[in-house]
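S.K.: The structure's right below; bear with me while I get my questions together.
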Amino acid sequence: MKRYIPVSRVEGTASRQAHCDLPEGTYEREMSKEGFFGPAAFFHHRHPPTGWTEFTGPLQPRAFDLAKLATGAASPWSAHEVLVNAHCRIRYWRLPGRMPRLARNADGDELLFVHAGVGELYCDFGRLLIEAGDYIVLPRGTMWRIESAAPLDVLMIEATNSSYQLPDKGLLGNHAIFDPAVLDTPRIDAEFLAQQSDDAPWQVEVKRRNALSLITYPFNPLDAVGWHGELSVVRLNVRQLRPLMSHRYHLPPSAHTTFLANRFVVCTFAPRPFETDPGALKVPFFHNNDDYDEVLFYHAGDFFSRDNIHPGMMTFHPGGFTHGPHPKALTRMFQQSKPATDEYAVMIDTRDALDVGAGAAPVEWTGYVDSWKVRP
Ligand SMILES: [Fe+2]
């Protein structure tokens, strides 16, 4: 850890263990550095820190119902731009069926998260079947296209000018959360070889500096007959995750980190049992996450800490915005009615501020900031 100024105190009426045994009638708020793994302070407030009566200005949280973005596009480079900064570009794409052109991202690695549908990915490395819940990492420069019989909904997360990596699992060892052996790679199979036609022109749309170039070939350039090496497209389905949990401690979101890129992380919330210790918090603690902007995409299930959120929605909490469980969820702070969560969600935490893209504006739910108000 960096050499932060060392302080370790307990002041006033306070618990000595984070997220546990809060003083009677109080609400815990965490203020921390480096997301959730730097120095932190835990306040015990008499009121929920989200109990505002009015909230104006650009720090307001935003919510977008991406499932309502009805228009499809055959090219991923026409996908709706949702949130963007210099290191991360988040888009939402509905592919109506078959991509007539190949795509290639020369700006950075691309992470596809399939929200709905099934399809076949054809790429430099071969063919891979894809389905809802799949993360697909496409290394920068990969040529690819997707064929699907029905519309495919995809969240696209570009690691601009960088590469996706896996987090250090430390004491857990390399095979926790998911074993690297479960990662699938494309195969040079009969279907892949069969699509290598020489009798029709193919075009590749290459994106560099977010501008497109179009390259035309008199043959299909996905014509590799083999490859070797330690770089490939990989696929991980969220059902393959074996999330960390503690029955006595509410783990911070950083425990669910799936991929790392330069100046942002991608985490996955997957079903897990609730904490059972009577004094342990069973909902997320209030926090500001001052060093990161937080994005959450809701894939499936019932979102235990949020009211009025359904699959296909995305929320955006700018760094410095205090948030925590919604009022209905807060009533279950120490007592959950179900034994386990059943949510799947993708979280993207960025070290630098994100801008809302034009593609998200038509589906914004402007009442989101008021959704923490307790209704009589
Ligand atoms: Fe948060």
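A short reminder: the numbers here are calculations on the coordinates, not readings from a lab. Since the model is a prediction, treat every value here as computed from it, not as a measurement. When we count neighbours, we look across all protein chains shown, and the Cβ atoms used for this are built from the backbone with ideal geometry, even at glycine.
S.K.: Have a look at 323, 87, 228 and tell me which one the Gaussian network model of the chain (Cα, springs below 10 Å) gives the largest fluctuation.
M.R.: Ranking 323, 87, 228 by mean-square fluctuation puts 228 first.
S.K.: Still on this structure, please answer the following. With a ≥ b ≥ c the root eigenvalues of the C-alpha gyration tensor of segment 79-195, is it rounded (a/c under 1.5), prolate (a/b larger than b/c) or oblate?
M.R.: Taking the square roots of the gyration eigenvalues as a ≥ b ≥ c, segment 79-195 is oblate.
S.K.: Find out how many positive minus negative residues lie around residue 293, taking Lys and Arg as positive, Asp and Glu as negative, among other residues whose Cβ is under 11 Å from that of residue 293. Don't skip to the answer; put the middle values down first.
M.R.: Values: positive: 62, 263, 351; negative: 290, 291, 294, 349, 352, 355.
Net charge in that neighbourhood comes out at -3.
S.K.: Further, regarding this structure: Could you compute the FRET efficiency for residue 200 and residue 78, with r as their C-beta to C-beta distance and R0 at 30 Å, rounded to 0.05?
M.R.: 0.85
S.K.: According to a simple spin-label model (label point 7 Å from Cα along Cα-to-Cβ), what is the distance in nm between residue 172 and residue 211?
M.R.: About 4.3 nm separates the two model spin labels.
S.K.: Between residue 21 and residue 310, what's the calculated FRET efficiency when r is the beta-carbon distance and R0 is 35 Å? Round to 0.05.
M.R.: Calculated transfer efficiency: 0.55.
S.K.: Testing the spin-label approximation: label points 7 Å from Cα along Cα→Cβ at residue 364 and residue 131. State their distance in nm.
M.R.: Result: 3.8 nm between the two label points.
S.K.: Given the C-alpha centroids of segment 279-330 and segment 221-242, what is the distance between them in whole angstrom?
M.R.: If you average the Cα positions of each part, the centres end up 32 Å apart.
S.K.: Is the chain best put as rounded, prolate or oblate by its Cα gyration tensor, with a ≥ b ≥ c the root eigenvalues, rounded for a/c under 1.5, and otherwise prolate when a/b is larger than b/c, oblate when not?
M.R.: Prolate.
S.K.: For 124, 223, which order do you get if you count the other beta carbons within 10 Å of each Cβ and list the fewest first?
M.R.: 223, 124
S.K.: Under a 10 Å cutoff between Cα atoms, tell me which one of 188, 146, 215 has the largest fluctuation in the Gaussian network model of the chain.
M.R.: 215
S.K.: For residue 161, what residues show an amide H to amide H distance below 5 Å, using hydrogens built from the backbone and excluding near sequence neighbours?
M.R.: 108, 109
S.K.: Restricting to the chain, compute how many DSSP beta bridges are antiparallel as a %, nearest 5.
M.R.: Antiparallel bridges: around 95 percent, rounded to the nearest 5.
S.K.: If packing is taken as the mean number of other Cβ atoms within 10 Å per residue, what is the order of 250-257, 77-84, 195-202, 46-53, highest first?
M.R.: Order by mean packing, descending: 77-84, 250-257, 46-53, 195-202.
S.K.: Apply the Karplus curve 6.51 cos²θ - 1.76 cosθ + 1.60, θ = phi - 60°, to the phi angles in segment 138-154 and return the couplings in whole Hz, x for Gly and Pro.
M.R.: 10, x, 3, x, 5, 8, 7, 8, 10, 10, 9, 7, 9, x, 10, 9, 9
S.K.: Follow-up. Going by Cα centres, segment 128-207 and segment 332-376 are how many Å apart?
M.R.: Here the two parts' Cα centres lie 28 Å apart.
S.K.: Separation between the residue 225 and residue 247 pseudo-spin-labels, each 7 Å from Cα along Cα→Cβ, expressed in nm?
M.R.: Going by the 7 Å Cα→Cβ label model, 5.9 nm.
S.K.: Residue 54 to residue 355: FRET efficiency via 1/(1 + (r/R0)^6), r the Cβ-Cβ distance, R0 22 Å, to the nearest 0.05?
M.R.: Taking R0 as 22 Å, the efficiency between residue 54 and residue 355 is 0.35.
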